[in-house]
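Please treat every number below as a calculation from the coordinates, not as lab data. Bear in mind the structure is a predicted one, so any value in this text is a computation, not a measurement. Cβ atoms come from the backbone with ideal geometry, glycine included; neighbour counts cover every protein chain shown.
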């Protein structure tokens with residue numbers, strides 16, 4: 001059994017979904033494992049990770065529109081506004097999504113479905129560097 005770790009730094013330039021599939025798959029494939037488990041973990045409370053469709057970009061537009069309606073900036077419900085009107089909505093968006101993902105590696109390939117991609121979902125408007133820890137275990 002072998003284990004590998006790496007931190008992926010993504011420069012996010014505001015609220016949107018960032019496709020991180022190429023970087024993650026490239027790193028995982030370089031490790032040379034045949035069978036294993038890839039875990040991704042984002043080290044932030046106002047950004048998250050998603051597996052979703054990466055074929056039609058309208059899906060990403062619709063996801064963003066849905067979250068904008070579901071958790072609007074500046075909602076008077078929120079008292080935590082220290083860092084601005086998008087601060088607490090960003091935390092709620094993170095709570096509704098995922099901070100970690102686990103994907104099997106089978107026959108030397110990360111077992112994503114045909115139309116699946118990996119995304120960093122940035123929930124703040126301001127630019128930030130987001131860190132995602134990648135951990136691969138297997139043989």
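Between helix 87-96 and the chain, what is the angle of the helix's C-alpha long axis to the longest principal axis, kept within 0 to 90° and rounded to the nearest 10?
In the chain, helix 87-96 runs at an angle near 40 degrees to the longest axis.
Suppose R0 equals 22 Å; then what is the FRET efficiency for residue 75 and residue 126 from their Cβ-Cβ distance, rounded to the nearest 0.05?
Calculated value: 0.75.
Given axes a ≥ b ≥ c from the Cα gyration tensor, I'd like to know whether segment 7-49 is rounded (a/c under 1.5), prolate (a/b larger than b/c) or oblate.
It comes out prolate by the Cα gyration axes.
With springs connecting C-alpha atoms under 10 Å apart, model the chain as a Gaussian network and identify which of 106, 51, 42 has the largest mean-square fluctuation.
106
Against the longest principal axis of the chain, how steep is helix 21-30, in degrees 0 to 90 to the nearest 10, with axes from Cα atoms?
Rounded to the nearest ten degrees, it is 30.
Quick check on the exposure proxy: order 40, 70, 8 from fewest to most C-beta atoms within 10 angstrom.
Placing the least packed residue first, the sequence is 70, 8, 40.
Please arrange 18, 55 by counting, for each residue, the other beta carbons lying within 10 Å of its beta carbon, fewest first.
55, 18
Express in nm, to one decimal, how much length is gained between residue 29 and residue 61 on full extension, taking 0.36 nm for each residue of separation and deducting their alpha carbon distance.
8.6 nm
For residue 11 and residue 100 in one chain, what is 0.36 nm times their gap in residues minus the Cα-Cα distance, to one decimal in nm?
Stretched fully, the residue 11-residue 100 segment lengthens by 30.2 nm.
Looking at the square roots a ≥ b ≥ c of the eigenvalues of the Cα gyration tensor of the chain, which shape do they give, rounded for a/c under 1.5, prolate if a/b is larger than b/c, or oblate?
Prolate, since a/c reaches 1.5 and a/b exceeds b/c.
Could you tell me the relative contact order of the chain? Use alpha-carbon pairs under 8 Å, at least six residues apart, and round to a whole percent.
Computed value for the chain: 55 percent relative contact order.
Quick check: the distance between the Cα centres of segment 68-127 and segment 1-37, to the nearest angstrom?
First find each Cα centre; the distance between them is then 17 Å.
Just from its helices, what would the mean residue ellipticity at 222 nm be for the chain, if runs of 4 or more DSSP H residues each count -39500 (n - 2.57) and the sum is divided by every residue, rounded to the nearest 500 deg cm²/dmol?
Numbers: 3 runs with 33 residues, N = 139.
Mean residue ellipticity at 222 nm (helix-derived): -7000 deg cm²/dmol.
Mind checking the angle between helix 58-70 and the chain's longest principal axis? C-alpha axes, 0 to 90 degrees, to the nearest 10.
Tilt of helix 58-70: around 40 degrees.
Could you give the nm distance between label points at residue 3 and residue 51, where each point is 7 Å from its Cα heading toward the beta carbon?
2.2
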